[in-house]
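A short worksheet on the structure shown next.
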Amino acid sequence: MYKRDGKLIGTNTDGAGLVAALDRWTDWTGRVLVIGAGGAARGIISALPTRAVTVTNRTLERAERLADAFGIEALALSDVDIARYDVIIQTTSVGMDGVDSPRSLKGLRQNTVVCDIIYRPLVTPFLKEAAEADAKIVNGTAMFVGQGALAFEYWTGVRPDQLVGMKLIEDLLEE
């Protein structure tokens with residue numbers, strides 16, 4: 001919540017913060033895959049500057065409900081052709097254990113932007129597999145810092161340096 005022109009405005013900065021952070025790696029002209037259909041996925045999809053988006057989830061029905069809300073495509077996790085996408089955003093909690101991954105990235109194209117919103121561990125099994133395929137990997141600190149930076153800017157009118165914030169947070173998380 002922030003104040004603008006004497007009015008209180010409530011907003012969720014998660015999706016917009018992640019999109020702003022990912023602007024460093026993509027121009028959003030390609031296809032986007034969002035893995036997961038929960039609240040984080042909803043916030044991210046609402047902020048994406050494109051509707052060339054596919055949402056997938058362990059439960060297809062949940063992906064279809066989210067897709068219907070935004071007029072985008074939904075696919076079963078097993079039906080996704082990873083090679084079709086230029087940006088892949090993983091929004092589930094799978095991988096927080098440092099062992100599991102929501103799905104294989106076999107067929108991933110080199111230089112695809114792969115983001116996992118999990119920030120602990122910094123490199124999830126999903127991101128490790130993406131790095132092995134020479135993808136551009138972005139860990140969860142991008143969303144963590146991006147949404148915080150956007151909220152700070154709303155409150156103060158000052159845009160903080162996100163790269164400094166990401167370095168600070170990553171250093172703290174590695175301890």
**Study point:** Cα centroid separation, the range 70-102 to the range 106-137 (Å)
**Key:** 11
Revision key, fill the gap. Semi-axes of the range 68-107 from the Cα gyration tensor (sqrt of 5 times each eigenvalue, largest first, whole Å) come to 20, 14, 9
Check your understanding: Nearest 10 degrees, 0 to 90: what angle lies between the long axis of helix 162-174 and the longest principal axis of the chain (Cα atoms)?
Key -> 60
Review point. What fraction, in whole percent, of alpha-carbon pairs in the range 53-119 exceed 20 Å separation?
Key: 29
Point to revise | Karplus 3J(HN,Hα) series, Hz, for the range 96-113 with 6.51 cos²θ - 1.76 cosθ + 1.60 (x for Gly, Pro) | key: 5, 7, x, 10, 8, 9, x, 5, 6, 9, 4, x, 4, 7, 4, 6, 4, 7
Check your understanding: What's the tally of Lys pairs in the chain whose alpha-carbon atoms lie under 22 angstrom apart, where the two lysines are 8 or more places apart or on different chains?
Key -> 5
Review point. Quick one: if you take sqrt(5λ) for each eigenvalue of the C-alpha gyration tensor of the range 13-66, what semi-axes come out, biggest first, whole angstrom?
Key: 20, 12, 8
Point to revise | Under 5 Å, built H, 5+ apart or other chain: amide partners of K136 | key: N111, T112, V113, V114
Revision key, fill the gap. To the nearest 10 degrees, the tilt of helix 141-156 (Cα long axis) against the first principal axis of the alpha carbons of the chain is 20
Point to revise | the range 71-120 - percent of accessible surface contributed by carbon and sulfur, probe 1.4 Å | key: 48
Exercise for review: With springs only between Cα atoms under 10 Å apart, run a GNM on the chain and tell me which of V80, V158, V19 wobbles the most.
Suggested key: V158
Review point. What does the convex hull of the Cα atoms of the range 81-175 come to per residue, in Å³, rounded to a whole number?
Key: 108
Study note, to complete from the structure: Whole-percent tail of the Cα-Cα distance distribution for the range 35-83, cut at 11 Å, equals 62
Exercise for review: Apply the Karplus parameterisation 6.51 cos²θ - 1.76 cosθ + 1.60, with θ equal to phi minus 60°, to every residue of the range 60-73 and state each ³J(HN,Hα) to the nearest whole Hz, in sequence, with x for glycine and proline.
Suggested key: 4, 4, 5, 5, 5, 4, 5, 4, 4, 5, 10, x, 10, 7
Review point. Can you give the helix-only mean residue ellipticity at 222 nm for the chain, where every DSSP H stretch with n ≥ 4 adds -39500 (n - 2.57) and the sum goes over all residues, rounded to the nearest 500 deg cm²/dmol?
Key: -11500 deg cm²/dmol
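The values are calculated or read from the model by the stated rules, or taken from the named source; none is laboratory data. All figures in this text were calculated on a predicted structure; none of them were measured in a lab. Quick note on the areas: whole protein, heavy atoms, side chains included, nothing else; ligands and nucleic acids left out. Shrake-Rupley method; radii C 1.70, N 1.55, O 1.52, S 1.80 Å.
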